[in-house]
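Accompanying notes for the structure given below.
Coordinate-derived values only; no laboratory data. Computed from a predicted model, the values in this text were never measured in an experiment. Cβ coordinates were reconstructed from backbone atoms using ideal geometry, including for glycine residues, and neighbour counts include every protein chain displayed.
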Amino acid sequence: MTKLNELSPRPGSHKPRMRVGRGPGSGKGKTAGRGVKGQTSRTGHGMNQFEGGQMPIHMRMPKRGFNNPFAKRLVEVNLWRLAQAIEAGKLDPKQPIDAEALLKAGVIRRARDGVRLLGQGELKAKLEINCHSATASARKAVEAAGGKLTTVIAAAEAAPAEA
């Protein structure tokens, strides 16, 4: 058993830093390995992405589209996936189904910013679903099965605007 005062790095893993500019005997004296004059010999020089006066690649490439920083990243779940989880006994149709229930059942891997319900597949069970948003076909299918669908977006639109 090694003692704390006997600990040392593995041989060859720790190399002392090169001390530059400490005289000609050190091998890295005078110009300290930076050569003579010019931009790179000075401190604080910026050379990344400089292409010798040629138009840099990041400026030559076309810029397209727009990346919305406020966009919600939703997890999409189809109706057939819910039906499959209910048949397997992973989801209880009598309990309200939300992102947390889907996560526990293993229907989704991560909740992200919310769940979007898609209308592919058939739904036979009467469900109470709380999600971020849903397609028109999904809403129709849930209501046709006698269930209730509550979405965050619909709730926000229904609430009166504050003055």
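By what distance, in whole Å, do the Cα atoms of region 75-158 stretch along each of the three principal axes, largest value first?
35, 28, 21
At 0.36 nm per residue, and after removing the present C-alpha to C-alpha distance, how many nm does the segment from Asp92 to Glu76 gain when stretched out fully?
The Asp92-Glu76 span can extend by a further 3.8 nm.
Any idea how far apart Gln120 and Leu103 come out in nm if each label point goes 7 Å out from Cα toward Cβ?
In this crude label model, Gln120 to Leu103 measures out at 2.5 nm.
Could you tell me what % of all Cα pairs in region 46-95 have separations over 19 Å?
Counting every Cα pair in region 46-95, those more than 19 Å apart make up 64 percent.
Around Ala88, under 15 Å between beta carbons, what's the net of Lys plus Arg minus Asp minus Glu among the other residues?
Spelling it out: positives minus negatives among the neighbours equals +2.
Before rounding to the nearest 500, sum -39500 (n - 2.57) across all DSSP H runs of length at least 4 in the chain and divide by the residue total; then give [θ] at 222 nm in deg cm²/dmol.
Counting only the DSSP helices, I get -5500 deg cm²/dmol.
Looking at the P(r) of the chain, how many percent of alpha-carbon pairs lie beyond 25 Å?
63
Within a Cβ distance under 13 Å of Ala99, other residues only, what is the Lys/Arg minus Asp/Glu net charge?
Around Ala99, the charge tally is +3.
Please list, or write none, the lysines whose alpha carbon is within less than 29 Å of the alpha carbon of Lys126, excluding same-chain residues fewer than 8 places away.
Within reach: Lys72, Lys90, Lys94, Lys104, Lys140, Lys148.
Please give, to one decimal in nm, the separation of the simple spin-label points placed at Met55 and Arg42, each 7 Å out from Cα toward the Cβ.
Taking the simple label geometry, Met55 and Arg42 are separated by 2.8 nm.
Only four residue types carry charge here, +1 at the Cβ of Lys and Arg and -1 at the Cβ of Asp and Glu. Report the dipole size of region 1-115 about the Cα centre in Debye, rounded to the nearest 20.
Dipole of region 1-115, to the nearest 20 debye: 1080 debye.
Specify the longest stretch of the chain that does not include any exposed loop site, a site being one of the GluC sites (Glu not before Pro) with a non-H, G, I, E, B DSSP assignment and at most 15 other Cβ atoms within 10 Å.
52-121
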